[in-house]
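Taking it in order: structure first as structure tokens, then the write-up.
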Amino acid sequence: MRLRGPILLLLVVAAACGGDADAGPAPGDYFAQLQRVSENAHIQERGLRRGLRLGLEEAASSGDRMVVLTAFVDQSARLYQDVVDALGALDAPEELAAAQRAFLDAWRTQLDLVVAIRDAGYADPDAIVDQLEAEAFREAAMATEARCDDLQAAVAGSGRSDVDLVCDGRPS
């Protein structure tokens, strides 16, 4: 069994990336971490929506639709929790703290909505779709985008024009 090469490669990559994955972001790395959280959230969210759309198109029965919707809601809850946790772990500079907190609260609202659906115990896929298409979800998504825009403006105002928070869902 030849594992020496792959293990050595992993060690080199880990060292190049800073080593200890549990150490968290390096001091002063706030802007890179914030951008990474935003980019990853939008990439994963877009992937979940695409998977939902394709899964529902391919679902042959109500049971199949339920499986697709349940997976989407579960994965969305995990994603939103990860985003909330990541944003909460960032130590924003004082001038960005309020804008970051508002952005975090907007993501938390989306998390609360999807968790409510997940925990409601719906047995009918149409009931889940109705909940996902409810005005509350549209408003929460719009609020998250608006708070992202606010944070982006605050970041730019702090002199960091190189940071793109992907507020519209598309990296520049």
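Those residues that are in contact with a helix residue (DSSP H, G or I) (Cβ under 7 Å, 6 or more places away or on another chain) and at pLDDT below 95, I need them from the range 97-121; list them, please.
If we filter the range 97-121 for residues that are in contact with a helix residue (DSSP H, G or I) (Cβ under 7 Å, 6 or more places away or on another chain), which is where we start, we get 99-100, 102-104, 106-111, 113-115, 117-118.
The answer is none; no residue qualifies.
For Gln100, which of the numbered conditions (1) touching a residue at least 24 places away in the same chain (Cβ under 8 Å); (2) farther than 14 Å from Leu165 by Cα fails to hold?
For Gln100, the failing item is (2).
Of the numbered conditions (1) at pLDDT below 95; (2) surrounded by 13 or more Cβ atoms within 10 Å (Cβ to Cβ), Asp150 satisfies every one except a single condition; which is it?
The number of the failed condition is (1).
When you go through Ala102, Ala60, Ala116 one by one, which is the residue that is outside any helix (DSSP H, G or I) and out of contact with any Cys (no Cβ under 6 Å at 6 or more places or on another chain)?
The match here is Ala60.
Filter the range 54-80 for residues that are surrounded by fewer than 15 Cβ atoms within 10 Å (Cβ to Cβ) and over 17 Å from Phe137 (Cα atoms) and give the result.
Leu54, Glu57, Glu58, Ala60, Ser61, Ser62, Gly63, Asp64, Val67, Ala71
Does any residue in the range 46-67 that is under 13 Å from Val129 (Cα atoms) come within less than 7 Å, Cβ to Cβ, of a residue that is part of a loop (DSSP other than H, G, I, E, B) six or more places away or on a different chain, and which pairs are these?
Going by the 7 Å Cβ cut-off, the qualifying pairs are Arg65/Ala59.
Would you confirm, using the coordinates I've provided, whether Val83 is in a helix (DSSP H, G or I), among the β-branched types (Val, Ile, Thr) and surrounded by fewer than 18 Cβ atoms within 10 Å (Cβ to Cβ)? Reasoning before the result, please.
On the way: in a helix (DSSP H, G or I): yes; among the β-branched types (Val, Ile, Thr): yes; surrounded by fewer than 18 Cβ atoms within 10 Å (Cβ to Cβ): no.
No, not satisfied.
How many residues, within the range 156-172, are within 14 Å of the chain's Cα centre (by Cα) and modelled with pLDDT of 85 or more?
3
Anything in the range 133-144 that is without any contact (Cβ under 8 Å) to a residue 24 or more places away in the chain and either crowded, with 16+ Cβ neighbours inside 10 Å or not in a loop (DSSP other than H, G, I, E, B) (or both)? List them, or say none. Walk me through it before giving the result.
Step one: filter the range 133-144 for residues without any contact (Cβ under 8 Å) to a residue 24 or more places away in the chain, giving 133-136, 138-139, 142.
The answer is Glu135, Ala136, Arg138, Glu139, Met142.
Hey, among the residues in the range 119-132 that are more than 20 Å from the chain's Cα centre (by Cα), part of a helix (DSSP H, G or I) and of a type in the set (A, V, I, L, M, F, W, C), which one's nearest to Leu90 (Cα to Cα)?
Ala120
The values are calculated or read from the model by the stated rules, or taken from the named source; none is laboratory data. Just so you know, these numbers come straight off a predicted model, no measurement behind them. For neighbour counting, all protein chains shown are included, and Cβ atoms are generated from backbone atoms with ideal geometry for every residue, glycine included.
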